[in-house]
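As structure tokens, the structure follows; a few thoughts come after it.
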Amino acid sequence: MGSTVTFTRPDGQSVQGYLAEAPGAVASVVVIQEWWGLNDQIRGVAERFAQAGYTALVPDLYRGRATVEAEEAHHLMSSLNFGDAASQDVRGAAQFLKARGGKVGVTGYCMGGALTVLSSMMVPEMDAGVVWYGLPPLEFVDASKIRVPLLAHWATQDAAFAIDTVDQLEARLSAAGAPYTGHRYLAQHAFANETAVGPGRLPITQYDPMWAQIAWDRSFRFFGKTLG
């Protein structure tokens with residue numbers, strides 16, 4: 001199991017995070033939470049990366065808060081300064097991992113997917129990124145600043161992030177010549193979150209183990225190629 005660590009943001013503030021270590025790892029990954037916070041599910045994602053040979057760090061963007069209630073999650077996410085989270089929390093996590101040696105990838109889910117896109121413009125230490133069904137408002141995306149390889153997984157039935165907005169994002173990335181590859185799945189939002197099942201799930205989310213496995217396989221191949 002992983003452990004809680006403290007790292008320093010570029011502005012000098014301290015942030016805690018969940019670190020899943022992979023002995024002998026040659027690369028690392030910053031894992032960015034969904035809007036629920038740093039919960040057991042996202043810790044499990046970090047552990048999955050560690051089992052695949054990547055040291056993984058989940059920055060605690062909500063500073064110790066997490067929830068299972070959608071209303072509170074929306075409040076927490078709405079209170080988050082996304083620019084600060086990407087340029088300070090995620091960058092600080094990337095710097096922490098970079099200092100340990102090797103390349104650093106960034107990946108995130110839902111809200112974390114949006115932050116992964118922003119990080120590709122704001123985190124110089126980032127070597128590659130994998131976006132899972134989340135993107136920021138397009139007015140905040142300057143595709144000309146994206147120099148690192150990006151892989152993205154989109155759900156065509158996503159009620160949280162409409163696929164036509166993904167079309168617009170991909171058109172911008174293509175026009176700018178950004179190193180980007182996108183995959184689409186006949187699935188709903190959060191299709192890779194194994195807790196998005198049963199009566200307690202949000203109506204717009206649905207775990208799909210088949211598509212999730214394909215997306216994970218693609219992600220590991222991508223990071224294997226880009227992070228070494």
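Laboratory data are not the source of any read-out in this text; all were calculated from the coordinates shown. Just so you know, these numbers come straight off a predicted model, no measurement behind them. Using ideal geometry, Cβ is built from the backbone for each residue, glycine included, and neighbour counts are taken over all protein chains shown.
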(Q) Report the gain in length on full extension from A52 to R100: 0.36 nm times residue separation, minus Cα-Cα distance, nm rounded to one decimal. (A) 15.5 nm
Q. Short version: ³J(HN,Hα) in whole Hz for each residue of the stretch 5-14, in order, from phi by Karplus 6.51 cos²θ - 1.76 cosθ + 1.60 (θ = phi - 60°), x for Gly and Pro, what are they?
A. 10, 10, 10, 10, 6, x, 7, x, 5, 9
Q) Hey, what number do you get for the chain at 222 nm if only DSSP H runs of n ≥ 4 count, each worth -39500 (n - 2.57), divided across all residues, to the nearest 500? A) -10000 deg cm²/dmol
Q. Which residues' amide hydrogens lie under 5 Å from the amide hydrogen of L135, considering only partners 5 or more residues apart or on another chain, with H built in the peptide plane?
A. A114
Q: Pull up all non-local amide H partners of W35: gap of 5 or more, or a different chain, and H-to-H distance under 5 Å with H placed in the peptide plane.
A: M111, G112
Q. About its Cα centre, how strong a charge dipole does the chain have in debye, to the nearest 20, once Lys and Arg get +1 and Asp and Glu get -1 at the Cβ?
A. 720 debye
Q. Which residue fluctuates the most in the chain, going by a Gaussian network model with Cα springs under 10 Å, if the choices are P179, P199, P137?
A. P199
Q. For Rg and Dmax of the Cα atoms in Å, the listed values are (1) 16.0, 44; (2) 18.0, 58; (3) 16.8, 47; which was obtained by calculation from the structure presented?
A. (1)
Q) Anyone know which of A56, A25, A175 comes out most mobile in the 10 Å Cα GNM of the chain? A) A175
Q. With the Cα gyration tensor of the stretch 167-228 giving a ≥ b ≥ c as the square roots of its eigenvalues, does the rule (a/c under 1.5 for rounded; else a/b larger than b/c for prolate; else oblate) give rounded, prolate or oblate?
A. oblate
Q: Whole Å is fine, so just give me how far the alpha carbon centre of the stretch 177-222 lies from that of the stretch 96-173.
A: 15 Å
Q: Pick out which of T55, T165, T205 has the largest mean-square fluctuation in a Gaussian network model of the chain, springs linking Cα atoms closer than 10 Å.
A: T165
